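The values are calculated or read from the model by the stated rules, or taken from the named source; none is laboratory data. Just so it is clear, the structure is predicted and the values come from calculations on it, not from any experiment. Neighbour counts run over all protein chains shown; Cβ positions are idealised from the backbone, glycine included.
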Amino acid sequence: MNAATLGNTGIETKPSTHGALASYALESKFEFLRVLRTPAFAAPTLMFPPLFYLLFGILLNRGNAGAAHYLFATYSVFGVMAPSLFGFGVGVAIERERGWLALKRVAPMPPGAYLISKMAMAMLFVAIIYAILATLAFFLGHVRMPAVEWTLLGAIALLGTMPFCALGLMIGARANANAAPAFVNLIYLPMAFLSGLWMPLGMLPKFIGEIAPLWPSYHLSQLALMTVGQVPVAGVAGHLLWIAGFTVVCFAIARRWLARAG
Amino acid sequence: MLAIVTNKTDAAPAAAPLARLAGASKTYGKLLALDKVDLQVRAGEVLALLGPNGAGKTTAISLLLGLQQADEGKAELFGLQPKSLAARRRIGAMLQTAAVPEALTVGELIALFRSYYPKPRSVADCAALAGVADLLGKRYGKLSGGQQRRAQFALALAGNPEILFLDEPTTGLDIEARGILWKTIRQLVAGGCAIVLTTHYLEEAEALADRVTVLAKGRVVAEGSVSAIRARVSQKRIRCISALDSETILCWPHVRSVVRDGEHVEIVTDAAEAVVRQLLAKDANLGELEIRRAGLAEAFVEITREAEAAEAA
């Protein structure tokens, strides 16, 4: 029987791996495979924050364990930004422009599968970056913390993917594929600096400290710096609320922009 | 006794359309892309959407697929909103510009698309129907342009759709690949699938389509079966080897145009028999006489030319 002939032989009688959960899992698996097979994206994104930390957090602060510890917390936040912003900002822009997104919108892909799989990838990246940072901090920076605080910092980092995925999605929904990396860089690096991730806000001009609450990275770093013993300026709840609000607003805007994108 | 006369013009009432546009209009900024367009897609039928570039074919398809919303009028798939999941589970589409993630293999892509549908085709079946069975393990980015088109076709088939939307499916395919696609399309139609096809290859529309809708500048300018459209243009082409002078032939009644191609002469006329009689009478050495009815291509050019003239008037 020729497989190309039509008839009941071609139609599955057993159900496929259909079902929302199966689709999400498959979508995430393929997103992972995709990224794994493009090392040109994966490797720099993974290596950049740890290398920065190695240079500025450890080598340039020879022996200053306090600085290494402080910067470990802030660089954990820094390490969250790139995978989320680039994965969504550039990834979505490219896929939108090239028509892949349109094809997926025509297919009955379970809503959310696309975003969830991208977020899962961003979180995986963040987890790996955090692990590398933690290793560097422990062995080379001689940073010592109770075990629960290592985990807490990791959790804060993972939480941080949310606002940056949302922000990245906003960029990806509007920017064209060539401009997207520029937009992301324009936002990513200045925001990191202005949030006091590279140099404590106390060492920067006063007005920078005053506008810092605008940035989600600032709020995340306030939470992260609890592990250094610093008390968060607006309280844990305050910062969490701000981050949640920011995420929701960005997603809402991105959704409207994507709906119009066609 | 009363004689009841029934006037049966149609053979049977038409089945309800699976998808339709009713009075649909769409504007992009200042450009009126579609102007109150009506379209109907029926089961087991191939509808070819023809028209020059910019006529609104891709916009019409976008409305039916739910990628765009109509500004006026309605777009419906199975009586539902085109955007709804329930409707999308029963269709497949091959879009004109659809770049697909290059790092995934063809087999992985088909598996991914399959998972969206409740009753999909097997990967092997999709691959066989699209002619990509030997490419399943290859990464999409490493395929040639024609192979990529065929892979996209496999993705469109993955869900076992009731309606298949094909936007210029055979662009860039060689004769063999085009043949595979045509064969598959015919099989699918025989199985009850409806197909909406846009194409610039008029011989493709002629070979596959049951009905044709011609769009020009966003409006429907002709609609009907292929033979009905062809009949709108009543020309015939006569081709022969003749030594007669072209100017002379042009002066004969019913002759529209004369083109000389070396030994051959090609005459376009409304009344082929009269012209042939003249040829046979006037040229004893006439050879290779051929009479061809106007094809869809001629009809199409004529229809769009009429539409533009009406527009300009």
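Results, tabulated for the structure shown:
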quantity: Among the residues listed as A:Arg105, A:Arg34, the single one being out of contact with any Asp or Glu (no Cβ under 9 Å at 6 or more places or on another chain), among the basic types (Lys, Arg) and in a helix (DSSP H, G or I); calculated: A:Arg105
quantity: Selected residue (only one of A:Ala180, A:Ala254 is closer than 28 Å to A:Val106 by Cβ and either touching a Gly at 6+ places or on another chain (Cβ under 6 Å) or at pLDDT 90 or above (or both)); calculated: A:Ala180
quantity: One residue from B:Ala70, B:Ala127 being at the interface with chain A (Cβ under 9 Å from one of its Cβ atoms) and touching a residue at least 12 places away in the same chain (Cβ under 8 Å); calculated: B:Ala127
quantity: Answer from B:Asp174, B:Asp167 - the residue that is touching a helix residue (DSSP H, G or I) at 6+ places or on another chain (Cβ under 7 Å) and surrounded by fewer than 19 Cβ atoms within 10 Å (Cβ to Cβ); calculated: B:Asp174
quantity: Top-ranked residue in segment A:146-166 [being closer than 16 Å to A:Phe246 by Cβ and aliphatic (A, V, I, L, M); ranked as surrounded by the fewest Cβ atoms within 10 Å (Cβ to Cβ)]; calculated: A:Leu159
quantity: Subset of segment B:252-280 that is in contact with a His (Cβ under 7 Å, 6 or more places away or on another chain) and not acidic (Asp, Glu) - its residue that is surrounded by the most Cβ atoms within 10 Å (Cβ to Cβ); calculated: B:Thr269
quantity: Those residues of segment A:131-142 which are in contact (Cβ under 8 Å) with a residue 24 or more places away in the chain and either more than 18 Å from A:Ala43 (Cα to Cα) or surrounded by fewer than 24 Cβ atoms within 10 Å (Cβ to Cβ) (or both), in sequence order; calculated: A:Ile132, A:Ala134, A:Leu136, A:Ala137, A:Leu140, A:Gly141, A:His142
quantity: Members of segment B:73-100 found to be in contact with a Gly (Cβ under 8 Å, 6 or more places away or on another chain) and within 7 Å of chain A (Cβ to nearest Cβ), listed by number; calculated: B:Arg88, B:Arg89, B:Leu95, B:Thr97, B:Ala98, B:Ala99
quantity: Which listed residue is among the β-branched types (Val, Ile, Thr) and more than 29 Å from B:Asn53 (Cα to Cα), from B:Thr97, B:Thr105; calculated: B:Thr105
quantity: Total residues in segment B:106-124, condition in contact (Cβ under 8 Å) with a residue 12 or more places away in the chain and either surrounded by fewer than 21 Cβ atoms within 10 Å (Cβ to Cβ) or hydrophobic (A, V, I, L, M, F, W, C) (or both); calculated: 9
quantity: Conditions (1) touching a residue at least 60 places away in the same chain (Cβ under 8 Å); (2) assigned to a helix (DSSP H, G or I): number failed by A:Met145; calculated: (2)
quantity: Any chance A:Ala42 is surrounded by 16 or more Cβ atoms within 10 Å (Cβ to Cβ), out of contact with any Phe, Trp or Tyr (no Cβ under 7 Å at 6 or more places or on another chain) and part of a helix (DSSP H, G or I); calculated: yes
quantity: Inter-residue pairs, beta-carbon under 6 Å, first on the phi > 0 side of the Ramachandran plot and in segment B:76-102, second surrounded by 16 or more Cβ atoms within 10 Å (Cβ to Cβ) and assigned to a helix (DSSP H, G or I), 6+ apart; calculated: B:Phe78/B:Ala87
quantity: Hits in segment B:87-103 (condition: in contact with a Lys or Arg (Cβ under 9 Å, 6 or more places away or on another chain), of a type outside the set (Lys, Arg) and modelled with pLDDT of 90 or more); calculated: B:Met94
quantity: Residue tally, condition more than 18 Å from A:Gly229 (Cα to Cα) and part of a helix (DSSP H, G or I), over segment A:124-142; calculated: 13
quantity: Contacts under 9 angstrom Cβ, first residue in segment A:96-109 being closer than 15 Å to B:Ile110 by Cβ and more than 7 Å from chain B (Cβ to nearest Cβ), partner surrounded by 22 or more Cβ atoms within 10 Å (Cβ to Cβ) and of a type in the set (Ser, Thr, Tyr), 6 or more apart; calculated: A:Lys104/B:Tyr116
quantity: Filter result (part of a helix (DSSP H, G or I) and facing chain A (nearest Cβ under 7 Å)) within segment B:112-124; calculated: B:Leu112, B:Phe113, B:Arg114, B:Ala124
quantity: Any hit, segment B:35-58, residues being modelled with pLDDT of 90 or more, within 14 Å of another protein chain (Cβ to nearest Cβ), within 21 Å of the chain's Cα centre (by Cα) and within 29 Å of B:Glu311 (Cβ to Cβ); calculated: no
quantity: Tally of residues being part of a helix (DSSP H, G or I) and touching a residue at least 12 places away in the same chain (Cβ under 8 Å) across segment B:130-141; calculated: 4
quantity: Of residues in segment A:216-238 being without any contact (Cβ under 8 Å) to a residue 60 or more places away in the chain and buried (at least 22 other Cβ atoms within 10 Å of the Cβ), the one farthest from A:Gly168 (Cα to Cα); calculated: A:Gln222
